[in-house]
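What follows is one structure encoded as structure tokens, with my remarks underneath.
The values are calculated or read from the model by the stated rules, or taken from the named source; none is laboratory data. Quantities reported herein were computed from a predicted structural model and do not represent experimental measurements. All Cβ positions, glycine included, derive from the backbone under ideal geometry; neighbour counts span all protein chains shown.
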């Protein structure tokens, strides 16, 4: 499994990068970003609950003294990240928001050194720089001069911090011998509770069930964008350092860009191509043994 761990992380990035395939049709159905996040969380809990009950019901057990780990993955990571990311999008362009979000590997690199004594090597630092610059290119940020005030910048960094915290809190849980499925399901239990305060659950459910097509997209969103990637990523963290995993999973914006090109007919500029190459180089650097 250790040899397959980088592949699991790449698959995770691909799953997350396919978000546009679900967000666009759900947005057209009248669902807001926060409503989609809440639906994704509650459907993820339902799917994982079935999976755990079939596999081993004992995986639902957790110790009260370890609940802080799941509060971290669910509230500090998923919910906090969602609020910061969507707020940044409302304050600036999508490309700026995405670039600030992908400061996450830098946060993971520093905190993994601080809490888990992971080494900070020149290769890791170089890969993190490539990721941030590459994401700026992929998002077209360097093609223009978008305006961003200090508040928007700080909130954008908050999204990168929140994104990074899943790796950190998951590692704490893994060191306490929790199964990846246990971590994933409790993450989304708390994420569902936290995001409930951001939406009207009754209205959101009615919109989700307004047609079979919309309901199918909601379920697909949960399966492809939450259940599969979170289980794979948490599993891989058992064998890969946090800092390496955070860089490898950054293939997500490359996939998102390609989905935009091939699924929605978006233009592919030389800025995008340069960014894709930089991100792939960073992923390749940390996918191998150092």
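A few points about this structure:
- Qualifying residue in the stretch 12-25 (condition: closer than 21 Å to residue 253 by Cα, in contact (Cβ under 8 Å) with a residue 12 or more places away in the chain and not in a helix (DSSP H, G or I)): yes
- Candidate set: the stretch 72-101, residues that are farther than 11 Å from residue 158 by Cβ and over 15 Å from the mean Cα position of the chain (by Cα); chosen: the one surrounded by the most Cβ atoms within 10 Å (Cβ to Cβ): 96
- Residue count, the stretch 181-230 (criterion: under 29 Å from residue 62 (Cβ atoms) and part of a loop (DSSP other than H, G, I, E, B)): 3
- Residue within the stretch 234-243 that is touching a helix residue (DSSP H, G or I) at 6+ places or on another chain (Cβ under 6 Å) and over 22 Å from residue 165 (Cα atoms) present: no
- When the stretch 61-95 is filtered for residues that are assigned to a helix (DSSP H, G or I) and out of contact with any helix residue (DSSP H, G or I) (no Cβ under 6 Å at 6 or more places or on another chain), the ones remaining, listed by number, are 64, 65, 66, 67, 68, 83, 90, 94.
- Residue within the stretch 102-112 that is within 27 Å of residue 197 (Cα to Cα), in contact with a helix residue (DSSP H, G or I) (Cβ under 7 Å, 6 or more places away or on another chain) and either surrounded by 20 or more Cβ atoms within 10 Å (Cβ to Cβ) or at pLDDT 95 or above (or both) present: yes
- Residue check for residue 39: assigned to a helix (DSSP H, G or I) and surrounded by 21 or more Cβ atoms within 10 Å (Cβ to Cβ): yes
- Checking every residue in the stretch 111-129 against the condition of being in a helix (DSSP H, G or I) and within 28 Å of residue 32 (Cβ to Cβ) gives zero matches.
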